[in-house]
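To start, the structure itself, in structure tokens.
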Amino acid sequence: MWFPVRTAQSLLANLFNSRFSAWARKSCSLLLSFLFILPANTAAGAQAAPSPSHEVTVGSAAGINDSKFDDRIESLLRSMTLEEKIGQLVQYSAGQPTGPGTGLADYKEMIARGQIGALLNVIDTPLINEYQRIAVEKSRLHIPLLFGLDVIHGFRTEFPIPLGMASTWDPSLVERASRVAAFEASAIGIRWTFSPMVDIARDARWGRIAEGAGEDPYLGSAMAAAYVRGYQGARLDSPDSIAACAKHFVGYGAAEAGRDYNTTEISQHTLREFYLPPFHAAVEAGTATLMSAFNSLNGIPSSANPFTLKQVLREDWRFKGLVVSDWSSIGELVPHGIAIDGAAAARKAILAGVDMDMASSEYHDHLAALVASGEVPQTRIDDAVRHVLRVKYALGLFEHPYVDESRAKEAFFLPDSLQLAQTVAEHSFVLLKNAASPNGNPLLPLSKDVKSVAVIGPLADNPSDPEGANPSAVKSEALSFPAELARRLGANNVFRAKGAGILSGTDEEISSAVTAAKRADLVLLTLGESPDMSGEAASRAKLGLPGRQQQLLEAVVSTGKPVVLILFSGRPLTVPWAFEHVPAVLAAWFPGTEAGPALARTLFGESNPSGKLVLSWPRSVGQEPLYYNALSTGRPPGKIDLTRPPSDTESKYVSRYLDEQNTPQFPFGYGGSYTSFSYGPTSVNKTKLTAAELNQGLAGGSGQTDVLTVDATVSNTGSRSGEELVQLYVRLEGTSTAQPVRALKGFQRVALAPGESKKVTFQVPADALAIWNDHNRFAVEPARLTVWISPDSASGSEAKLDILP
Ligand code: BGC
């Protein structure tokens, strides 16, 4: 695939990259006109947009499921020719050739003939309106086009990468951020984003772990729903709402060995309990669309998989929206080996339930012949077209097809949007370590005695674009991190040294960094990956600091100056040396537009970190895939002593490594604060539950009804105010299928003043105790239930009770 797209900004960067094909580079002229010529005229038929609302909405489920579209869909369908129907199922990318031997397409003729249903990566507003005018005014049936783009973590106002957004554990922040993204993207005419990525990811080698919400299905579901609500707003047909697309359905995150696009084998039990729930949550929240994945799932590629696309999605979940393929994933059925040619690929994909072909052109090239030969029934084409039309009706495109070209003037970088980007960034930081400085206090927040700092490392100026030729093109709206520091400490007290590039570096650079470190009271070391080392097609076999950064780290630490390490990355990095020798480490991910102010405020204590890990942070790459909600083996190890060989049978023949702990460096759910919290015992309001009763509730549709109350008292034992993210975990033993050693079932953010205590109460609904059992259905089974209220997935006191038959 040609576009490793993360944000609109990275799309622009990508188009300048020599790796990309000629047609992509040609599109630059369109993009440049978008960047430099703000559209001035208002298109006729455009609907005025309200100003952005950052209020959290109650969801937009009515949009896609509304039965009021049914008659219109049917009547339009009746008037369509087969060619027009197939046209609705075809999507191309900006400038992409449309068939073998053809040159770059400008699509106008095809649109006029009704041969295209959607376009992606067209981001020039006048061109969007021009194409739309052809569809609406020149095509026989006047069906509007749908314009899509990867708007992943903001459009112009960039929020933290999704992994960072999830680390806030705050769905309302994610919803508000997605609302801003929708507001900005829709201002240029984009009404469909290929987001959220809701793939569960257990392996940090997989680059796309950066694009999701980590390893947990409960948190992943909460985040999935939040994105959908944010993008789609209270009304999907509002001009500032965009259709969401939950991707990649399904199992893509389980790519073997963490290598992108690789095969996956996932049992139904694991699929149902871990990989499917975030998709289900997105569907329940009303997502208008889903994207089928690249990966082969249990031998059948996800883009031709009738079990997931028909049985699960349409029959079990009653999804009424549109399923689009991933980029060329229909054409890729040929190299997957389940289709001998493009025609077979098109047949398998459409029959399995993929409605729209993104970029492979197989539907355009083959569907008509497949229908003529009877290999694909006309009824299946009709169904796919219904799904496309439903989304277009729900977006209000038939009533308001054009974008108001004056909107873009006032849509980007609004003060509220920037403020929100800063808040989300601050909440996304995870304080991994904060040990005492020489004066006995933790190093962070920085003490008033710190009068000068050395800012060292390749990621300080612009983590979003560290090697960018012109960083100001992205950062123009925000103060950089060094500039923020200079504002606070005075420019003469901030010493800047790059020290090394991400992958490059010289001895001279390292020694200038050491000189800068020696001049300052304290060092802020910004190390990690560049953003293009995570995301699509960016898997890594090594998870340490790339290039010469480890050498730089050791040289700077050896000066004896106190060091705060700020890690920028799209995944956890295995840096055990740093965790041992550096007193303070902050995981900053990629914080977005407001990185500078958010970091400065955090370091100076104006913001107290409260982010928590949404993945298990490995010690060594050899531990991957690593996730807290694993099953126990028959031979769980006790405490592992790596200093001597496991010579006796008791410690040797257990599930362990000879040369590494089983435990992560930091567990899922972990994150520090500038204050400290203590947890009282976990208590439950019942001594037993009854499976039969709970199952009756599930069958009667009241699975959400609370059946158990769990509480614990949490206290702020430090000297600062802080927010603690309190987590609820359960374990079920004695069940027909083995269940994880712990599973997250709730979380709450609690604000506590110094010395303050609060009782934190969780209500547990019946469906939180249901498992995918040996009869292949969800049910509550008799079991021993253990519950914990804890600050992370590896600690806390437990309470037990029985679930009786
Ligand atoms: C990615 C998708 C993305 C699509 C369109 C594909 O390569 O896997 O996540 O939405 O390209 O850019």
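The values are calculated or read from the model by the stated rules, or taken from the named source; none is laboratory data. Computed from a predicted model, the values in this text were never measured in an experiment. Glycine gets a Cβ as well: all are built from the backbone with ideal geometry, and neighbour counts include every protein chain shown. Remember, those area values only see protein heavy atoms, side chains included, never the ligands or the DNA or RNA. Shrake-Rupley method; radii C 1.70, N 1.55, O 1.52, S 1.80 Å.
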- Query: Round to a whole number: what % of the accessible area of the chain belongs to carbon and sulfur, probe 1.4 Å?
  - Reply: 52
- In whole angstrom, and with the biggest value first, how far do the Cα coordinates of the chain range along each principal axis? 78, 70, 48
- Packing-ranked peptide list from 796-803, 278-285, 782-789, highest mean Cβ count within 10 angstrom first, is 278-285, 782-789, 796-803
- Leaving out same-chain residues fewer than 8 places away, which aspartates and glutamates sit with a Cα under 12 Å from that of LYS745? ASP216, ASP767
- Which lysines, on any chain, are close to LYS310 with Cα under 18 Å apart, when same-chain ones fewer than 8 places away are left out? LYS247, LYS320, LYS348
- Task: Give the accessible surface of the chain per residue, rounded to a whole number of Å², with probe radius 1.4 Å and ligands, DNA and RNA excluded.
- Result: 36
- Item | Protection proxy ranking, peptides 743-752, 666-675, average beta carbon neighbours within 10 Å, highest first | 666-675, 743-752
- Query: Which log10 I(q)/I(0) values, to two decimals, does region 194-233 give at q = 0.16, 0.32 Å⁻¹ under the Debye formula with one point per Cα?
  - Reply: -0.37, -1.06
- How many Å³ per residue does the convex hull of the Cα positions in region 569-647 occupy? 151
- Relative to the Cα centre, what is the charge dipole magnitude of the chain, using +1 at the beta carbon of each Lys and Arg, -1 at the beta carbon of each Asp and Glu, and rounding to the nearest 20 debye? 780
- Item | Cα coordinate range in region 641-736, projected on the principal axes (Å, largest first) | 55, 47, 22
- Within straight cross-link reach of LYS518, meaning Cα distance under 16 Å, which lysines are found once same-chain residues fewer than 8 apart are removed? LYS451, LYS498, LYS561
- Note on the structure: Within the chain, the percent of DSSP beta bridges that are antiparallel, given to the nearest 5, stands at 55
- With the 8 Å Cα cutoff and a minimum separation of six or more residues, the chain has a relative contact order in percent of 12
- Query: Roughly how many whole Å is it from the C-alpha centroid of region 756-777 to that of region 210-286?
  - Reply: 21
- Placing +1 at every Lys and Arg Cβ and -1 at every Asp and Glu Cβ, with all other atoms neutral, what dipole size does region 669-805 have around its Cα centre, in debye to the nearest 20? 140
